[in-house]
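K.L.:
My structure is below; once you've seen it, I'll send some questions.
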Protein chains: 2
Amino acid sequence: MRHCSSRPDRVPGMEQTAFDDPAYRAAAVDLLGVLAYGELTAFERMAEDAKLAPTLNDKAELAALATTEFGHFVQLRDRLVALGVDPMEAMTPFVTPLDAFHDHTAPSDWLEGLVKAYVGDGLANDFYREIASFVDAETRALVLEVFADSGQAEFVVDRVRAAIDEDPKLGGRLALWGRRLVGEALSQAQRIAADRDSLAALLAGSVDRPGLDLAAIGRMLTRLTEAHTARMTALGLQA
Amino acid sequence: MRHCSSRPDRVPGMEQTAFDDPAYRAAAVDLLGVLAYGELTAFERMAEDAKLAPTLNDKAELAALATTEFGHFVQLRDRLVALGVDPMEAMTPFVTPLDAFHDHTAPSDWLEGLVKAYVGDGLANDFYREIASFVDAETRALVLEVFADSGQAEFVVDRVRAAIDEDPKLGGRLALWGRRLVGEALSQAQRIAADRDSLAALLAGSVDRPGLDLAAIGRMLTRLTEAHTARMTALGLQA
């Protein structure tokens, strides 16, 4: 968000015309589609991972996170409908890569599920907020609202730290797990960027809509990495 | 609710004192506990059954129902907290019978999941609303609000009828499934009534709190059966 003031999509009135550009429209629909399916599938997987909870209280905490994700899905879907787009069609291209991410990162126990909810979703949310600076003001406002950190996942910090205090060996295993989550996320993100020219073009920019140059990409990755490291540290894990 | 006007728990001011009676308090806590765990586990199972959906749209519909159940759980849990009760402790006695119900009625396909969401939850909600007439006004208002029929499950009617239109053989299998759901629900309800004296006493009444006589139980069962039959008929199934 740091370079927003110089971005043409903040020019007043630009919002009304952004969707007249078919390339922009395709990109915005793709973005909303991937975010919506991301939230729907996050709901599903968290609801499933809640089954691993050792106590009813823990189960209820993760289930609450899951329903929050579903609420996000509803907001994104409603935005697609408002744009005259079939949300299910918009989500379809992203089913394979996002399902693959979850299939490759199915937690084998409750703590892995917690780290995934905290670290994986934290990273994804940061990335979505970064992308928000490339879209029209209304879409941006929605994305920023949906992916604002509600602090709801903070219970994870307590649980993971307490578990590591009790059994320090866990720290090593969960740190590896955190790195695997990032690796799988990057691999699927690259797949999506390769498959969806519209999204790649959104970040790369066009004649009248500057995108990220290499230096800006570097700064974005730095911000994402720093926030990820902070989350791992909060959990007592080495990033 | 038909005999409420003659019930002592509608006497003004009774609400303030109902919880002074330890037997009443135990029954109300048990009731809120079983309802809360019922909703938490309904959330879990519907979220899981949503995976069987043939389309993303169907998945989103059942996931929406699941999150509604979770919202109900939150309301019931908050009421337990307001009464100074640990909600997780209140739910614990009901984990085994409710998990057994779900284990015995795990849908083998999407349509069975839909029928379970519509017929099983419909019957449970009706029963909970009947029980509401035996509790203090504040608890009753909460139970009636939580279990009011929001009509959110109506999409099930479309889906099941369309499937039977396409393959009439399904009607017989799903009708059997509906009957099995009722049988399993009754069997676990009896188990709960046998294990939890407080709940049985709530329905049976006490010296200063009349309960159901046999005729009233008969009328209640008639109401429940009629509503169940109406739901089966709405789906195109023989009850």
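Quick note: the coordinates plus some simple rules give every number you see, no bench work behind them. These figures come from a predicted structure and were not determined experimentally. Quick reminder, even Gly has a Cβ in these numbers, built from the backbone with ideal geometry, and neighbours come from all protein chains shown.
K.L.:
Does the range A:141-155 hold any residues that are without any contact (Cβ under 8 Å) to a residue 40 or more places away in the chain and either aliphatic (A, V, I, L, M) or crowded, with 18+ Cβ neighbours inside 10 Å (or both), and which are they?
P.N.:
A:141, A:144, A:148
K.L.:
Let me ask you something else. Being over 15 Å from the mean Cα position of the chain (by Cα) and within 11 Å of chain A (Cβ to nearest Cβ) is true for just one of B:86, B:109. Which residue is that?
P.N.:
Answer to the check: B:86.
K.L.:
With closer than 25 Å to residue B:149 by Cα, within 17 Å of the chain's Cα centre (by Cα) and surrounded by 14 or more Cβ atoms within 10 Å (Cβ to Cβ) as the only criterion, which of B:185, B:175, B:234 stands out?
P.N.:
Just a single option satisfies the conditions, and that option is B:185.
K.L.:
Does the range A:40-54 contain any residue that is of a type in the set (S, T, N, Q), under 21 Å from residue A:147 (Cβ atoms) and at the interface with chain B (Cβ under 9 Å from one of its Cβ atoms)?
P.N.:
Within the range A:40-54 (the criterion being of a type in the set (S, T, N, Q), under 21 Å from residue A:147 (Cβ atoms) and at the interface with chain B (Cβ under 9 Å from one of its Cβ atoms)), the answer is no, since none of the residues qualifies.
K.L.:
Assess whether residue B:112 counts as being closer than 19 Å to residue B:149 by Cα, of a type in the set (D, E, K, R) and either in contact with a helix residue (DSSP H, G or I) (Cβ under 6 Å, 6 or more places away or on another chain) or in contact (Cβ under 8 Å) with a residue 12 or more places away in the chain (or both).
P.N.:
Judged against the criteria, residue B:112 is not a match.
K.L.:
Continuing with this model, one more query. From A:34, A:74, grab the single residue that is facing chain B (nearest Cβ under 10 Å), farther than 19 Å from residue B:48 by Cβ and assigned to a helix (DSSP H, G or I).
P.N.:
Testing whether each residue is facing chain B (nearest Cβ under 10 Å), farther than 19 Å from residue B:48 by Cβ and assigned to a helix (DSSP H, G or I) leaves just A:74.
K.L.:
Moving on to the next point. Within the range B:107-114, is there a residue that is part of a helix (DSSP H, G or I), acidic (Asp, Glu) and surrounded by fewer than 20 Cβ atoms within 10 Å (Cβ to Cβ)?
P.N.:
no
K.L.:
When residue A:85 is evaluated against the numbered criteria (1) of a type in the set (A, V, I, L, M, F, W, C); (2) closer than 30 Å to residue B:89 by Cβ; (3) assigned to a loop (DSSP other than H, G, I, E, B), which criterion, by number, is the only one it fails?
P.N.:
With respect to (1) of a type in the set (A, V, I, L, M, F, W, C); (2) closer than 30 Å to residue B:89 by Cβ; (3) assigned to a loop (DSSP other than H, G, I, E, B), residue A:85 is out only on (2).
K.L.:
Separate question: Could you list all residues from the range A:50-68 that are touching a Phe, Trp or Tyr at 6+ places or on another chain (Cβ under 8 Å) and either buried (at least 24 other Cβ atoms within 10 Å of the Cβ) or hydroxyl-bearing (Ser, Thr, Tyr) (or both)? Steps first, answer last, please.
P.N.:
Here is the first cut: in the range A:50-68, the ones touching a Phe, Trp or Tyr at 6+ places or on another chain (Cβ under 8 Å) are A:52-54, A:56, A:58, A:60-61, A:63-64, A:66-67.
If the condition is that a residue be touching a Phe, Trp or Tyr at 6+ places or on another chain (Cβ under 8 Å) and either buried (at least 24 other Cβ atoms within 10 Å of the Cβ) or hydroxyl-bearing (Ser, Thr, Tyr) (or both), then A:63, A:66, A:67 are the ones that fit.
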